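Participant: Would you mind keeping the following structure in view while I ask a few things?
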Amino acid sequence: MNVWTRRVVIGTAAVSMALSVAACGKAGDGGKAGGGDTKTIGLLLPENKTTRYETFDRPLIEAKIKALCADCTVKYNNADQDTQNQKKQFDALITQGVKVIILDSVDYKATKSWVNEAAKKGVKVVAYDRLAEGNISAYVSYDNEKIGRLQGQALVKALGDKAKDSNVVMINGSPTDPNAPFFKKGAHSVLDTQVKKVVYEQDIPDWSPDEANKKMSAAIDSLGKDGFQGVYSANDGMAGGIITALKQQGVQVPVGGQDAELAGLQRILKGDQAFTIYKQIKPQADSTAEIAVALLKGDKIDSLTPTKVDSLSGEVKGIPAKLYDAQIVTKDNIEDTIIKDKVYQASQICTGDVKAACEAAGIK
């Protein structure tokens, strides 16, 4: 993490002074930005059960904003998976006069009234990672249906020649996360045609690893130890809970995840988890920061948002967006992806009982 942060700061040092004058000095006069707090950007993240938010998203966004706008301040809050808590955090930013808010929502449907009220007051909201309802100004995320297809393809590959005769359990993400249905849809588009049957499926509130563990145990009780040959997990955190349940029952089948969490990567190297999906968080965080600073200045964001999307309700059309791709990570390419991109160093991954697995995989 520190490596990335240093790279962001160093890489932009040559231009940060000029950009900060343009981004902040100009906005600070209360002109284009329409008054209010024109040197503060709000950052609201949804939860901390998924390690990426505090470990990567927050520090990367804050570093990029600081690099672009030296005298800007980021007011940060994490909702701890509580919608009402996030609403209070959002409302507090409005009350304080903040004119740009980066919002990664706990419950995307709940944001509609907040965002629309904010828009009436001239506040720009950038939906980060999850598409929020309401009149948002921009959206930065991934092609989430494609991520689901990648997950499905990776599980089919892990099942190998037996895929067509394999039954699969699906443990999906939180119903309040707008990305979860896209992951599910993409995965189903592959699994429904390339495995025998999805024999058990559950959505997991709050992406809870503990709840995923319970549902996996229930699936084993219902189907029997031989009643399924693979498990789709919508993310790595839940995959950890699922794998614990499988081990307790002496079941060993391919399990996949998403997010390239450290624990997930270690499980992959040890052979407990088949794959994860690596989403490059740094480009996503950087783009979001650039859009937020541009909105603070009152500048156009067309070049930063080449795609247009509609809200999930269909009420808001043509939202300016930037969507990134992702890739499958297995034991064979951790070094060429995760370590190469400095997400984690080999020394961070290859600790304790993972050392031997790293040596076997040629990771030093």
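Participant: Non-local amide H neighbours of Asn235 (under 5 Å, H modeled in plane, Pro and chain starts lacking H): which ones?
Facilitator: Amide H to amide H, under 5 Å and 5 or more residues apart or across chains, Asn235 pairs with Gln258.
Participant: Specify the inter-centroid distance of the range 195-214 and the range 144-193, based on alpha-carbon positions, in whole Å.
Facilitator: 12 Å
Participant: What accessible area per residue, rounded to a whole number of Å², is obtained for the chain using a probe radius of 1.4 Å?
Facilitator: On the way: 15040 Å² over 364 residues.
Counting only protein heavy atoms, the per-residue value for the chain is 41 Å².
Participant: Tell me the mean residue ellipticity at 222 nm calculated for the chain from its helices only (DSSP H runs of n ≥ 4, each -39500 (n - 2.57), averaged over every residue, nearest 500). It would help to have the intermediate numbers written out before the result.
Facilitator: Values: 12 runs with 149 residues, N = 364.
Mean residue ellipticity at 222 nm (helix-derived): -13000 deg cm²/dmol.
Participant: Let me ask another. Taking amide hydrogens as modeled 1.01 Å from N in the peptide plane, which residues meet the under 5 Å criterion relative to Gly42, leaving out close sequence neighbours?
Facilitator: Result for Gly42 returns Lys75, Val100, Ile101, Ile102.
Participant: Need the list of lysines near Lys214 for cross-linking: C-alpha distance under 18 angstrom, and skip anything on the same chain fewer than eight residues off.
Facilitator: Lys49, Lys225, Lys247
Participant: Report the extension gain between Lys185 and Asp91 in nm, rounded to one decimal, defined as 0.36 nm multiplied by the number of residues separating them, less their alpha carbon distance.
Facilitator: Stretched out fully, the Lys185 to Asp91 stretch lengthens by 30.5 nm.
Participant: A further question on this structure: Compactness ratio of the chain: Cα Rg over 2.2 N^0.38 Å, N = residue count?
Facilitator: Numbers: Rg = 21.3 Å, N = 364, 2.2 N^0.38 = 20.7 Å.
For the chain, the normalised Cα radius of gyration comes out at 1.03.
Participant: Let me ask another. Determine ³J(HN,Hα), in whole Hz, for all residues of the range 236-251 in sequence, where each value follows from phi through the Karplus function 6.51 cos²θ - 1.76 cosθ + 1.60 and θ = phi - 60°; x replaces Gly and Pro.
Facilitator: Per-residue couplings from phi come out as 5, x, 5, 4, x, x, 5, 5, 4, 5, 5, 5, 4, 9, x, 9 Hz.
Participant: Which one of Gln96, Gln86, Gln273 has the biggest mean-square fluctuation once the chain is modelled by GNM with Cα springs under 10 Å?
Facilitator: Gln96
Participant: As a quick test, which of the pairs Lys64/Lys121; Lys146/Lys184; Lys39/Lys322; Lys184/Lys279; Lys215/Lys282 have an alpha carbon distance above 22 angstrom in this structure?
Facilitator: Lys64/Lys121; Lys39/Lys322; Lys215/Lys282
Participant: Using θ = phi - 60° and the Karplus relation 6.51 cos²θ - 1.76 cosθ + 1.60, list the HN-Hα couplings for the range 290-305 in order, rounded to whole Hz, with x at every Gly or Pro.
Facilitator: 4, 5, 4, 5, 4, 5, 4, 6, x, 7, 6, 10, 3, 5, 8, 10
Participant: If amide H atoms are built 1.01 Å from N in the plane of the peptide, which residues on other chains or at least 5 residues away come under 5 Å of the amide H of Tyr142?
Facilitator: Answer set, sorted by chain and number: Tyr324.
Participant: Mind listing P(r) for the range 55-145? All alpha-carbon pairs, 10 Å bins, whole percents.
Facilitator: Cα pair-distance distribution for the range 55-145, in percent: 16, 50, 31, 3.
Participant: First select every other residue whose beta carbon is under 14 angstrom from the beta carbon of Asp221; then total the charges, Lys and Arg +1, Asp and Glu -1.
Facilitator: Counting the neighbours of Asp221, the net charge comes to +2.
Participant: Under the Karplus relation 6.51 cos²θ - 1.76 cosθ + 1.60, θ = phi - 60°, what is the ordered set of whole-Hz ³J(HN,Hα) values for the range 128-144, x standing for Gly and Pro?
Facilitator: Once θ is set to phi - 60°, the couplings for the range 128-144 become 10, 6, 10, 6, 8, 7, x, 7, 6, 8, 6, 9, 10, 6, 10, 6, 6 Hz.
Participant: Here is a follow-up. Once you sort the root eigenvalues of the Cα gyration tensor of the range 221-364 as a ≥ b ≥ c, which label holds: rounded (a/c under 1.5), prolate (a/b larger than b/c) or oblate (the other case)?
Facilitator: Oblate, because a/c is 1.5 or more while a/b does not exceed b/c.
The values are calculated or read from the model by the stated rules, or taken from the named source; none is laboratory data. Keep in mind that this is a model prediction, so the values were computed, not measured. Cβ sites come from the backbone with ideal geometry, for glycine too, and all protein chains shown count toward neighbours. Surface accessibility is based on the protein's heavy atoms, side chains included, excluding ligands, DNA and RNA. Shrake-Rupley method; radii C 1.70, N 1.55, O 1.52, S 1.80 Å.
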